[in-house]
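First up is the structure itself, then whatever we jot down about it.
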Amino acid sequence: MTQTAFLNPSHAVVSTHAGTVAGERFQVLDSWRGICALLVALFHFPTASSISQSAFVGSSYLFVDFFFVLSGFVIASSYANRLSRPEEVARFALVRFGRIYPLHLLMLAAFAGFELLRLMLPQLHGTGAAPFTGGFDLASLLANLLLLQGMGFEDQLTWNAPSWSISAEFFAYLLFAGVVFVAGARAWIWFVAAAVTAPLFLLGFSTHHMDVSYDFGFIRCLYGFSLGALLAWFQHDSIAGARQLLARSGPRLSWTLAEIVMVAVIVLFVSLAGSNDFGIAAPLVFALALFLFAHEGGWISALLRTPFMLTLGALSYSIYMVHIFVQARLINFAGLVERKLGLGLIGDFVLRGQPATGFGAGLAGTGAIVIMLIATIAASWITWRLVEMPAMAWFRRLSRRI
């Protein structure tokens with residue numbers, strides 16, 4: 001992987017809601033968002049533990065493509081027939097902007113505030129770059145404010161690194177709305193073209209397989225997003241009918257076996273394909289998984305509809321956006337403790353072939369992972385409750401005036 005060091009993570013994405021089919025919410029897909037969000041956070045957290053060093057976690061950046069596929073599926077399911085007039089397109093763009101930008105802006109402020117604190121307190125400099133340099137310079141801050149950090153204008157990941165995907169996905173939203181507005185019922189032709197040409201482009205021009213972000217992130221997003229949109233375009237009616245049938249008959253053994261096999265395929269695929277060109281098939285694998293779990297037919301789906309899993313799904317965007325900041329502050333705090341007490345909490349090691357600084361192996365590393373996940377979920381609940389929910393409500397009210 002090209003970006004496994006903690007302070008320069010390369011992979012995260014937001015899927016902004018789980019959508020509806022025939023008036024029903026995709027609850028299981030909501031829960032999958034939460035699981036994938038935590039896997040991305042785990043991927044970014046540097047420890048010398050066997051968990052962090054495992055092939056599955058080391059390639060879990062591929063779950064970003066699950067979110068691109070899911071986002072295309074959800075957006076097409078919800079809006080494919082609602083973008084025929086200019087005012088509908090304007091409302092769509094405003095609501096999507098309001099869904100992603102407020103929390104993005106808050107996290108930029110948090111990172112900028114910490115850089116300012118480092119500037120004022122030299123003891124916080126550590127051994128890293130000087131404040132407001134490198135990926136935290138003012139020029140890149142402007143690009144982040146304009147949501148351009150994932151559109152090929154930057155030469156590295158900057159500020160809240162996972163937000164490159166927010167940038168790519170926002171422009172995918174706008175492209176989707178424009179295509180549907182212009183092409184109407186024939187918009188699917190454009191999505192087929194994108195789903196075919198985007199992976200060919202990545203295979204031809206990317207030297208890091210699917211591990212692209214600030215450079216070809218938009219192409220990567222367009223690939224998965226288009227597949228998800230096509231799935232919704234042709235399959236959402238059959239999914240709705242199957243779900244109604246399953247609701248009457250209850251979970252079936254065949255669906256449960258299919259879900260178990262699908263989970264095994266995902267784990268095996270991610271473990272084996274993350275470091276080679278086979279990773280280009282990730283959106284296809286995840287599209288198949290999305291289609292299966294959208295039916296909500298097996299016992300795994302029933303487990304994913306439990307309140308805790310649904311809560312994780314609701315928090316998924318916040319998990320993506322806050323986890324890097326939370327992880328960085330945990331490392332800062334552990335470094336301070338290390339200097340005072342010398343407990344061996346923090347050290348240098350090789351993670352996925354690259355030098356890293358983070359928590360150690362054994363119980364120390366595993367315990368740090370548990371603490372990080374709990375802290376991330378707690379912080380995410382706060383930002384979801386105080387930022388995401390009020391902002392969504394405000395922008396929806398504003399969109400009704402158009």
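Rounded to the nearest Hz, the phi-derived 3J(HN,Hα) couplings of segment 368-381 under the Karplus curve 6.51 cos²θ - 1.76 cosθ + 1.60 (θ = phi - 60°) are 5, 4, 4, 4, 4, 5, 5, 5, 5, 5, 4, 5, 5, 4, where x marks glycine and proline. Pairwise Cα separations in the chain fall into 10 Å bins from 0 onward with the following percentages, short to long: 5, 23, 34, 26, 10, 3, 0.
Here the peptides 364-374, 152-162, 215-225, 335-345 are ranked by packing, the mean other Cβ count within 10 Å, and the order with the highest first is 215-225, 152-162, 364-374, 335-345. Legend: P(r) of segment 137-176 from all alpha carbon pair distances, 5 Å bins from 0, whole percents, reading 6, 29, 37, 17, 8, 3, 0.
Once C-alpha pairs closer than 8 Å and six or more residues apart are averaged by separation and normalised to the residue number of the chain, the relative contact order reads 31 percent.
Where both bridge residues fall in the chain, DSSP classifies roughly 90% of the beta bridges as antiparallel.
If you take the Cα centroid of segment 183-212 and the Cα centroid of segment 335-402, the two points sit 32 Å apart. Note on F171 and L200: the extension gain reaches 8.4 nm, defined as 0.36 nm multiplied by sequence separation minus the Cα-Cα distance.
All Cα-Cα separations within segment 321-402 were binned at 10 Å from zero, giving a P(r) of 16, 34, 23, 14, 9, 4, 0, each value a whole percent of the pairs. Amide H contacts under 5 Å for L351: A356, restricted to partners 5 or more places along the chain or on a different chain, H placed in the peptide plane at 1.01 Å from N. Remark: the Cα gyration tensor places segment 293-357 in the prolate category, a/c being 1.5 or greater and a/b exceeding b/c.
Among the protein heavy atoms of segment 98-218, carbon and sulfur supply 74% of the accessible surface, probe 1.4 Å, non-protein parts ignored. For a modelled paramagnetic label at L253, 7 Å from Cα along Cα-to-Cβ, the residues of segment 287-305 in reach, with backbone nitrogen under 20 Å, are 296-303.
Dipole orientation for the chain: of the candidates M389, G365, S167, M389 has the Cα lying most toward the positive pole (charges on Cβ; Lys, Arg +1; Asp, Glu -1).
In the context of the full set of protein chains, the chain has a per residue accessible area of 42 Å² (1.4 Å probe). Extension gain for L145-Q354 works out to 72.2 nm (0.36 nm per residue, less the C-alpha to C-alpha distance). In plain terms, the bigger the Kirkwood radius, the slower the diffusion; for segment 39-79, with that radius from Cα pairs, at 37 °C and 0.692 mPa s, Stokes-Einstein puts D at 286 µm²/s. The label-point distance for L105 and L288, in a model that sets each label 7 Å from Cα toward Cβ, rounds to 4.3 nm. Here is the size of segment 145-238 from its Cα atoms: Rg then Dmax, 14.0, 44 Å.
With contacts taken as Cα pairs under 8 Å at a separation of at least 6 residues, segment 19-104 carries a relative contact order of 29 percent. Taking packing as the residue-averaged number of other Cβ atoms within 10 angstrom, the listed peptides 277-284, 182-189, 253-260 run from highest to lowest as 277-284, 253-260, 182-189. Annotation for V192 and A90: the two label points, set 7 Å from Cα along the Cα-Cβ direction, are 3.4 nm apart. Beyond 26 Å, the tail of the calculated P(r) for segment 60-180 holds 33 percent of the Cα pairs. Compared with the dominant principal axis of the Cα atoms in the chain, helix 282-294 is inclined by about 60°. Using alpha-carbon pairs under 8 Å, 6+ residues apart, how would you state the relative contact order of segment 266-402 in percent? Computed value for segment 266-402: 20 percent relative contact order. Taking amide H positions as modeled 1.01 Å from N, with prolines and chain starts lacking one, no residue 5 or more places away or on another chain lies under 5 Å from I346. Extent along the principal axes, Cα only, for segment 257-319: 37, 31, 16 Å, with the longest axis given first.
Within the accessible area of segment 347-402, the carbon and sulfur atoms contribute 71%, probe 1.4 Å, all protein chains present.
The phi-based Karplus calculation (6.51 cos²θ - 1.76 cosθ + 1.60; θ = phi - 60°) puts the 3J(HN,Hα) values of segment 28-42 at 5, 5, 3, 5, 4, 4, x, 4, 5, 4, 5, 5, 5, 4, 5 Hz, whole numbers, x for Gly and Pro.
For the chain, the longest principal axis of the Cα atoms and the long axis of helix 63-79 meet at an angle of about 40 degrees.
Which value in deg cm²/dmol, rounded to the nearest 500, describes the helix-derived mean residue ellipticity at 222 nm for the chain, given -39,500 (n - 2.57) per DSSP H run of n ≥ 4 and division by the residue count?
On the way: 16 runs with 265 residues, N = 402.
The helix contribution divided over the chain gives -22000 deg cm²/dmol.
Label-to-label distance for I374 and K340 is 1.9 nm, based on points extended 7 Å past Cα in the beta-carbon direction.
The values are calculated or read from the model by the stated rules, or taken from the named source; none is laboratory data. Since this is a predicted model, take the numbers as computed values, not measurements. Positions of Cβ are backbone-derived with ideal geometry, glycine not excepted, and every protein chain shown enters the neighbour counts. Side chains included, ligands, DNA and RNA excluded: accessible areas come from the protein's heavy atoms. Shrake-Rupley method; radii C 1.70, N 1.55, O 1.52, S 1.80 Å.
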